[in-house]
Amino acid sequence: MLRKLIIRNYALIDGLELDFSPGFTIITGETGAGKSIMLGALSLLMGGRADSRVIADGGSKSVVEALFDNPPSFLEPFFNRNDVDWNPDEIIVRREIAVNGRSRVFVNDVPVTLSVLSAIAVHLIDIHSQHENARLVNTEAQLETVDSVSDNEELRARYTTAFGRFVEIRNKVKRLRAEIERNRENRNNLLYQYEGLKEFNPKRGELEELERRFELLSDADEIREKLLHIRSVLGENDRGAVDLVRSARSETDKMDLSLVGITAEENVPTIPERLESIIIELQDIYETVDDALSGVEADPAALDKISFRMNNYYTVMKHYNVKNGDELVDLMEKIKSQLDAIETGGEELPELEKEGKQMASVVKELGRELTESRLKGAEKFSAAVTEAARPLGLPNLNFQVSVEPAKLGPNGQDKVEFLSAFNKNQTPSPLAGMASGGEMSRLMLTIKGVLAGRLNLPTVIFDEIDTGVSGEIADKMGAMMRSMSRDMQVMAITHLPQVAAKGNRHFKVYKRDEEARTVTRVSELKGDDRVREIAAMMSGSTVEDAALRNARILIEGK
């Protein structure tokens, strides 16, 4: 519910801070005092159009801020999806309008878009006037209204789940069919590419090995000459390194090395041992070089064959725009997978289509049950509204809720529309096509009165909805609004004393001339001040004792 409203530098309001409470709040004031200004400021918090002309002369910006406590818990997921801090105890909404016309919106001090603000505000407050019957005239809202009186929440949840699965399957079938069609159109091209790659038969690592062998065979004579020289140096003759070191090792066995100061140290190899290690290593190197030498032979035929295969690789790589031979293998495997998918891709389709038909049957059956619940709810709701409206001066009201078949959708297969006729022998027509007026306002009040405990609206503001009525009807309209306030916070801007007397709290809006300009002020009326205000509403500017007595009687009899 609306706990606090702050308005700064907006039209005739330089600074206003009001605290509200649950129950039925009355707002009165002379025409032009500024009641509509307050509503205009509130409409900004509901996503209304911003206009820099509302900024008071000399001001830099207008600010409207409202605090709503105990917000509906179902808003939390929406807050989380839009990265807005959630506070289960309160929501603070602020709108700022700069002189350049730029508007800024904050929810719990987090900047948000107007669309986010509107989506939140519609669940916090409803401003209802003779000219603003939009919510109950809207067909989607009418469907929600019928559902709220049909007690079909569990059924709707099952339908929503089933319909969501049905749509998911239907979309998947469409995508799969389109993919199969695209693949079939592309099959010949893929097959041509695959056959070409298959015939070429690339292998992982083959090109790298070919390039290595090509380099080896291209320089075979030079490489062989160098290997022969290395082998000769190592030990192919009696002056080779292996024989020379072996000879040195032999000499160490013929002398006492300690005589020349070469002594054995603990954990350190002796010179003979070290020479023996060198002999073994040199012999291993010799054998390795000798083995390599046996594999190096000039082979022009082999070189031509390798060159031919390499050039084919380069040509195919350029054709398929790949960087190396392994990518050719990857491409061939990818094309093979695509061809396999074309051959087997349709296997999933029959199962999906079968499941889709099953889900369609489930959705239609749940939709039928939903229609039945709505027809019963619509009948009860129509009777309740017609009956409740009679005391408000609508004895001939014929209110009906039409539930007609519609295209299967997220909310079922029903088109719900409110119809009404105010006179005898008049054919009921849609509310959306009716002109606003006293009868329409009373009907809307009746509808909201019947739905008071089911609207899930913390705050409803009625803006002069009682215009054009008086006497007993006005009294009954006030009683209905007071009754609604047991389930929600209700505020009424009114000129009728019968309605004003029903309130739990009473605020008066008035204008005051100050030195520089005229400003709008709001004060809460209590005790004698409230009695005098209601008396003035009955008798005019001259308040007599009789009017005061009648005002007290109205207040006490509320």
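The values are calculated or read from the model by the stated rules, or taken from the named source; none is laboratory data. The structure presented is a predicted model; accordingly, all values stated were derived computationally and were not measured. Quick reminder, even Gly has a Cβ in these numbers, built from the backbone with ideal geometry, and neighbours come from all protein chains shown. Heads up: the accessible areas ignore ligands, DNA and RNA and are worked out on the full protein's heavy atoms, side chains in. Shrake-Rupley method; radii C 1.70, N 1.55, O 1.52, S 1.80 Å.
Residues being modelled with pLDDT under 80 and either open to solvent by 100 Å² or more (accessible area, probe 1.4 Å) or not in a helix (DSSP H, G or I) (or both): count how many of those fall in the range 181-214.
Residues that pass the stated criteria total 3.
Working only within the range 392-424, note down all residues that are under 39 Å from the mean Cα position of the chain (by Cα) and under 23 Å from Ser441 (Cα atoms). Show your work before the answer.
Just the residues of the range 392-424 that are under 39 Å from the mean Cα position of the chain (by Cα), to begin with: 399-420.
Within the range 392-424, Phe399, Gln400, Val401, Ser402, Val416, Glu417, Phe418, Leu419, Ser420 meet the criteria.
State all residues of the range 397-424 that are within 26 Å of Ser470 (Cα to Cα) and either surrounded by fewer than 14 Cβ atoms within 10 Å (Cβ to Cβ) or among the β-branched types (Val, Ile, Thr) (or both); if no residue qualifies, say none.
Asn423, Lys424
Among the residues of the range 523-558, what is the count of those that are among the β-branched types (Val, Ile, Thr) and either surrounded by fewer than 16 Cβ atoms within 10 Å (Cβ to Cβ) or modelled with pLDDT under 85 (or both)?
As a first pass, look at the range 523-558 and keep what is among the β-branched types (Val, Ile, Thr): 531, 534, 542-543, 553, 555.
If we keep only those that are either surrounded by fewer than 16 Cβ atoms within 10 Å (Cβ to Cβ) or modelled with pLDDT under 85 (or both) as well, we get 542-543, 553.
Of the residues in the range 523-558, 3 are among the β-branched types (Val, Ile, Thr) and either surrounded by fewer than 16 Cβ atoms within 10 Å (Cβ to Cβ) or modelled with pLDDT under 85 (or both).
Please give the number of the condition Asp487 fails out of (1) open to solvent by 10 Å² or more (accessible area, probe 1.4 Å); (2) under 41 Å from the mean Cα position of the chain (by Cα); (3) in contact (Cβ under 8 Å) with a residue 40 or more places away in the chain.
Unmet condition: (3).
So for the range 386-397 (the condition being over 15 Å from Glu140 (Cβ atoms), in contact with a strand residue (DSSP E or B) (Cβ under 6 Å, 6 or more places away or on another chain) and in a helix (DSSP H, G or I)), does at least one residue qualify?
Looking through the range 386-397, at least one residue is over 15 Å from Glu140 (Cβ atoms), in contact with a strand residue (DSSP E or B) (Cβ under 6 Å, 6 or more places away or on another chain) and in a helix (DSSP H, G or I).
Scan the range 35-64 and report the pairs whose first residue is charged (D, E, K, R) and whose second residue is at pLDDT below 80, with Cβ atoms within less than 8 Å and a gap of 6+ or a chain change.
Note: pairs meeting the criteria are Asp51/Gly101; Lys61/Ile55.
Filter the range 497-529 for residues that are more than 13 Å from Ala551 (Cα to Cα) and polar (S, T, N, Q) and give the result.
Residues satisfying the conditions are Asn504, Thr518, Thr520, Ser523.
Would you tally the residues in the range 62-81 being out of contact with any helix residue (DSSP H, G or I) (no Cβ under 9 Å at 6 or more places or on another chain) and either assigned to a helix (DSSP H, G or I) or more than 18 Å from Leu124 (Cα to Cα) (or both)?
Going through the range 62-81 one residue at a time, the tally reaches 7.
Suppose the filter is part of a helix (DSSP H, G or I), more than 30 Å from Tyr192 (Cα to Cα), touching a residue at least 24 places away in the same chain (Cβ under 8 Å) and open to solvent by 60 Å² or more (accessible area, probe 1.4 Å); does Ile278 pass it?
For Ile278, the condition - part of a helix (DSSP H, G or I), more than 30 Å from Tyr192 (Cα to Cα), touching a residue at least 24 places away in the same chain (Cβ under 8 Å) and open to solvent by 60 Å² or more (accessible area, probe 1.4 Å) - is met.
Within the range 26-55, take every residue that is at pLDDT below 85 and surrounded by fewer than 16 Cβ atoms within 10 Å (Cβ to Cβ) and give me the one that is nearest to Leu16 (Cα to Cα).
Gly32
Ile473 versus (1) over 21 Å from Met488 (Cα atoms); (2) open to solvent by 10 Å² or more (accessible area, probe 1.4 Å); (3) modelled with pLDDT under 85: which is the lone unmet condition?
Condition (3) is where Ile473 drops out.
Find the residue count for the range 97-108, including only residues that are open to solvent by 20 Å² or more (accessible area, probe 1.4 Å) and either under 12 Å from Leu44 (Cα atoms) or over 20 Å from the mean Cα position of the chain (by Cα) (or both).
7
List pairs: first in the range 534-550 and under 16 Å from Gln498 (Cα atoms), second in a loop (DSSP other than H, G, I, E, B) and β-branched (Val, Ile, Thr), Cβ under 8 Å, 6+ apart or cross-chain?
Hits for this filter: Ala535/Val543; Ala536/Val543.
For the condition touching a residue at least 40 places away in the same chain (Cβ under 8 Å), crowded, with 18+ Cβ neighbours inside 10 Å, touching a Gly at 6+ places or on another chain (Cβ under 6 Å) and within 17 Å of Phe20 (Cβ to Cβ), what is the one hit in Val509, Val460, Val499?
The unique qualifying residue is Val509.
Spot the failing condition for Val316; the list is (1) in contact with an Asp or Glu (Cβ under 9 Å, 6 or more places away or on another chain); (2) among the hydrophobic types (A, V, I, L, M, F, W, C); (3) within 14 Å of Phe200 (Cβ to Cβ), and only one is missed.
The one condition Val316 does not meet is (1).
Among the residues of the range 11-25, what is the count of those that are more than 14 Å from Thr459 (Cβ to Cβ) and either free of Cβ contacts under 8 Å to residues at least 12 places away in the same chain or open to solvent by less than 20 Å² (accessible area, probe 1.4 Å) (or both)?
Qualifying residue count, the range 11-25: 3.
Given (1) in contact with a Lys or Arg (Cβ under 9 Å, 6 or more places away or on another chain); (2) surrounded by fewer than 18 Cβ atoms within 10 Å (Cβ to Cβ); (3) under 30 Å from Glu181 (Cα atoms), where does Val363 come up short, assuming only one miss?
Condition (2) is where Val363 drops out.
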